[in-house]
Structure formats: C-alpha cells, structure tokens
Amino acid sequence: MLCEVCHEIFRNSYPSKPSDHHFSVHELQQAALRDCYICGVLWYGVSDLPPDHPKANIDAPNLKRAPNTKPISKHDIRHRAVQGNEILELSFAVDRNGVDNGGRSFTFPLQAKSGGCSYMLLTSFLLTTSLDSHDLLAAKGTSGSTDWLSSMECASKWLSRCLRSHNKCQTAHSTEHTRFSPTRLLEIGQSDPQKVRLRLSLNQDSNNTQYATLSHCWGASKVLKLTSTTFERLKTGIEISELAQTAQDAIFTARSLGIHLLWIDSLCIFQDSQEDWQQEAALMSHVYKNSTLNIAASVAADSNASCFPKKDTSSIEPCMVQTAWIDKYNDTYHLYYDDFWDATLKKMPLTKRAWVVQELLLAPRVLHLCGKQLFWECYELCACETYPDGTPPSSHLRWVSGDARWHAFIKTGTRHVAVENDSNCKKTTLLELWHGIVELYTSCNLTYTTDKLVALSGVAKLMEQALDDEYCAGLWRSRLVTELFWFGPLSNQGLSLRPSPYRAPSWSWACLDGHISPGGYHTEGSYGTLKPLVDIISCDSKTATGDRTGAVMNGSLKISGWLASVQLRPDPECMWKIYFDGKWWKNKRGSLYIRLDCIFSSSEIHCLPLFVDIHQAPNYFLACLLLSPTGNRKGQFQRIGALGAFSGALGLNDWAQFRNVANEPWLQYETPCGNDMYTISIV
C-alpha cells in the first residue's frame, strides 16, 4: 500500500530528475500511520520512535507545511545492474530540517514482473509443504493462537529443505559434529503432551541427538528456573503452562517442527550454582553449534512477552506497484526496501542483548520470531514469510553472511582443511570477520558487565582454531601490535570513570562499555607497508577457570618501544591541544585523531607509538597508545586512549623523528633497552 504522494511517483511523467516528496514531518507521519510502505520506512529518517508513539513528534521542527517550506524528503530514480539483471532503484533523501543539503538515504529497488523474477506469495508457497497438520494442531495447546500455524508450515519447509539439500548446512551436522549433547535438555510432551521434563543427557549416546535452543531476553520477570529447589520437579515433569511465555512459545515452535528436545539456559543451567554456570558457559559454543535449530524470541522484551501476537497476514505481502507513466514503458514492479532485513531485526529487543550475538552466529539455523512474521537464516538461505525463497536481489543483511560463518566456524574445524591454502578463508578475511563481530557485540547490552568476555567465548574458541592463534582477552597474540590500536566509544556526555567491576586489562577493548571500533589493520604486514615500532615481550592474562576465552581476573602486557611525555588540554576549537616535544600543538586540519577511553587522574601522560603505515609514502600514519601511570609501580601504566598522527602532525616531518623528542623529567619506565627504547608494563 502506498500513500497518494508516493503513488504520484509512478504516474504522469517518468521522474528523470530529483523531485520533492513530503514537505513536513506531520505529512510523513500521517502517511506512515496509514501503512504507506515507503513512508513507513522513511519515517525512521526523522525519528527513532514508531510513528504511533505518543512522543514521536516531540521537538520535531517543520511539523506542518508552511508557505515556502523546504521539502523534508526528495526522491530520485536510476537504472542499476544487479545479478545480471537491470533493475530500477528509487532512492530517497530524508531530513526533518529540509533536504537541500542532503539527508539520510533510503533505497527501494523495483524488480519488474516481466523480467522473469517474481516472489511467490506465502499462500502458494504453503501448498507444497509436507508438514502433517495434525502435528500442528497437537502443538497448538502450548500457544494461545492458531494464527501462526501456517507460519509454522512455512518454517517446516525451510527446515526440511535445509536438512535435505543444503550441502554446507549438512557439513555442519556431519558425524564429527554430532558427538555432542548438552548436559541437560528439556523433553517435550513424551509422556504427557501438556508436560515437559528435564532430561539428563550426560553419559548417554548422543550421536543422533536433535534438539533446538532458545535465544531470549530474560527481563526482570520472576519465572520458573532450574535451581537446587526446582530440580526434582523439573526432572519428574511439570505443566508447560507453568513456564514463562517465551518458553511456552519455544515449545510450540519446536513441536510444530517435529523437534522434541529443547535447550533453554534458564531451565538447563542451575541458576543458583556459580560452578555449574561456569562449566556450562564454557560449553556454550558446542550447545549452539551442534543444535538442529536456534529459536530466537526476537520480538519478546522479557520472558513473559508473547512471540505470537494476533497476526495480520496483509503485512507480509510483497508491495507491488503498477506504473502509469505517459513517457516510459510501464510494468508491474515488486518494490522493496533494500535494508528491510536490518530494519526489522535491529528494532527487536533480542538483538540488543550481547549474549545473543554468539548464539545467532554459532547456530547452524536460526528461526526469528519477529511478531509480524518469521525470518529464517542458515548457511545457504536467508528468507522470511514475505520472501520464502530467499531475500530479493541487492538486499542488505545485518548479520555476518552465512558463507563467512561457515568458513570460519565449520570448514576450518573439519579435517584436512588448511586455512592458508584456501583462498576463501584467508586469515585477513577471518580477522575482518572477527572485528565486525566485535563491533556488533559491543553495541549490545549486558546485564552483568563481568560477562563481557564470557558472552563471546564460544565464538572466540572457534576463531582461535580458525586463526591458529592465541586469544588474549579479546585480542590475538600474533597480531597484538595492530590489535592494540582500537578506539573506544564516542560519548555525548563526556568521559566517565573506567567501568567497575574489573573485567579485562586496560589494553583490551573488553575493559570498556559501549561500541568499540577496531583499528582496521587486519595483519601486521598489510600490503607490506606497516612497520611495527614495538616489541611484545610478554602478554599474560589470568582467567577465572582454565578456559582461555573466559572471564579474566587480571592481565599484564610487557612491551618495549619509543616513549614520549605528553599533556592534554581541552580546546573548544580542536577538541584537544597536546603538549609534545616542548611545545603546545593544535589539531590543524585533522592532522591528529585522539579518542580517550575514560577520565584520567594524572597529567603525566605517556605516548607509545605502535606502528607506522607508509603505504602512501612519503606520507605516513602513526598509530599510538596514550598511557597513564598507575602509581603502583614505576613503569606500570593503564591505557587511557589512542592517538593517530598523520604526516606533519606535532611538527614531525618524518615519523622517525619521534625517537629524538624532548621529554619531561617525569617520563617513567621500567628499564631502558637501547635504541632509544624503553620497557614498560600495561595492566
């Protein structure tokens, strides 16, 4: 469905040049509220709140059209080749203050029906499903609605097709990958269809165990969990109705798909035993990686929220547009937002939860319960009920591609596969994958910040194997010189104290809360133009258990390199002025980039160059750490930030001049080690 303003784009003359669209936030909001497909997407270019939210218009200028008002949205159309076919792309710029100088961009490809590429509607897709409807009706008792039975038929076909014909997905469940079974599983309706019981799978033959897992938001709800008190009841069997709503919905989903074993963290890990939690957390990568399916309760904000509200089937129908241009060939087009996958999933409560990142990455198949429709992901297919045969051309996917995950987590774990000899699995590509995961993961929230490394340990174990490297509190041992150069989160509220309690050494990104940006240098020899300027003498981290990827108790890095004394002073014109080599310097024309991690107590800051990038010689880029003395021991520091210096910054015409700068008397270090280098420790 389109509003009248959007319909006009496809009438009269072909829009061969940029044209005005809506002229006020109010107009756009009203169109979005009337379910205009395009305006419903564009609305999020002017507000983070849904159009029906009571506070959506607060402080929004340009609410109603006034004479000579600037348009808040414009559109343009162009031809583009995608996967061998030429398609039209309708692009929009949106800004609540007017789009004269640009705005946020949105793109809607238009796939011509006559071009031979059409997307089946759900109704025709379901005609070929083989799921027994009696199974669905039997499962109905665990969910309050029958609206979703046809959706489960759709999911059943995805699962069946994947198990039957997806080679990569079958590799993930080859014999050597199915020798694991979780310590405990929930058995669904075996003795009584209305009951579930806890089954101990330890020491049982688990070669052919098929089970589903659940990813969900716990919230603050008081629900039944596995404890020393409830253990015997759960083992004997309890009514499904006694469980939290998301658990009931997961049971309905699993039974609908013919899966009779289910793993739910709150019901399969003792919630009153730290020892059991640590033991099971270490097995997390195996639990999800060896599951048949992960059920993601994406829409549920807490354990008592339903994943299956009353369903409007019209919301999943593809948007079809019939053009009526007077000066252009006309056709029926399938119109879609190219970022619809991201736009759907990123609004879900579940995808804001840090623990879920590794759960969704490691599971061979994921079924997202998104409230309006189901989304499916496996190593070979991304689909939803609107596009059951797969997402349309040029669609963007938020998560790491199935192919990248398969190479990292499956192929490198099979026998006789050498990473170095596989062009699709270069270590640089794996590092790019890891850094993308870190960015995604650190953008999410953790209830307990001490879980910072634990909640990613499953992925870290597999990446350690794929990279053939040693994991060091979130970084990689053989690449520490470049791995240390990461940037902490930007904050509009200014710097804060380093988070407490301790969860990682200051040189690890895991010591901070908020979005982390890895430096982007994936190997020390990138393009043969990176020159390391430090020597890593030792890197030690003590974990709470024997698991190197688990919670870190303390860590220390001993390193030797050049060292300079610097001071920082806030400056309204250039953010920071820096005292270096006996002078105060301003950040002229962006020659310096400084990002601080936290409030620092000492003015006696030290600067340690890590490496220099000379791929544009004679120009260069110098990557440095900013350090503050701990005061506990001479030459012992904490990282407080990162500094990047471009050619000519700080009066350095040649990066090698750094070794001869004039330092203040308070420069400290453990020992000098020749060549103007010093040994220090960072904790």
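Values quoted throughout were computed directly from the atomic coordinates according to the rules given, and no laboratory measurement underlies them. Note that this is a predicted model, so its numbers are computed, not measured. All Cβ positions, glycine included, derive from the backbone under ideal geometry; neighbour counts span all protein chains shown.
So here's what we get for this one:
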read-out	value
Percent of Cα-Cα distances greater than 16 Å, calculated over the range 4-117	61 percent
The chain, helix-only ellipticity at 222 nm - DSSP H runs n ≥ 4, -39,500 (n - 2.57), divided by all residues, nearest 500	-5500 deg cm²/dmol
Reachable aspartates and glutamates, given that their alpha-carbon falls under 16 Å from the alpha-carbon of LYS311 and they are not under 8 places away in the same chain	ASP35, ASP147, GLU153, ASP249, GLU385
Simple label model, 7 Å out from Cα along Cβ direction - LYS70 to ASP48, nm	2.3 nm
Listed residues PRO629, SER591, ALA649: farthest to the positive end of the dipole of the range 474-683 (Cβ charges)	PRO629
Residue pairs, from the table LYS70/LYS347; LYS74/LYS352; LYS157/LYS427; LYS168/LYS310; LYS55/LYS347; LYS195/LYS352, whose Cα atoms sit over 27 Å apart	LYS70/LYS347; LYS74/LYS352; LYS157/LYS427; LYS168/LYS310; LYS195/LYS352
Two-decimal Rg/Rh across the range 588-665, once Rg and the Kirkwood Rh are taken from alpha-carbon atoms	1.00
Label-point separation in nm, GLU573 to ASP342, each point 7 Å along Cα→Cβ	3.7 nm
Inter-site label distance for THR545 and ARG164 at 7 Å from Cα along Cβ, in nm	4.0 nm
Gain on full stretching of the segment that runs from ASN330 to GLN657 - 0.36 nm per residue minus C-alpha separation	111.1 nm
Burial ordering of HIS435, HIS79, HIS26, fewest other beta-carbon atoms within 10 Å first	HIS79, HIS26, HIS435
Linear extension gain, ASP35 paired with SER496, 0.36 nm per residue minus alpha-carbon span	161.7 nm
Binned Cα-Cα distances of the range 474-683, short to long, each 5 Å bin given as a whole percent	1, 7, 15, 20, 22, 18, 11, 4, 1, 0
Added length on full extension, which subtracts the Cα-Cα distance from 0.36 nm per residue, SER13 to ASP192	57.9 nm
Two-decimal ratio, the range 263-369, of alpha-carbon radius of gyration to 2.2 N^0.38 Å	1.57
Likely footprinting exposure, SER315, SER181, SER602, fewest C-beta neighbours within 10 Å first	SER315, SER602, SER181
Exposure proxy ranking, count of Cβ atoms within 10 Å, fewest first, for SER681, SER541, SER256	SER681, SER541, SER256
Chymotrypsin sites (Phe, Trp or Tyr not before Pro) within the range 318-396: DSSP coil, no more than 15 neighbouring Cβ in 10 Å	TYR329
Shape of the chain, Cα gyration tensor, a/c cut at 1.5	oblate
Compactness of the range 455-599 as Cα Rg over 2.2 N^0.38 Å, two decimals	1.18
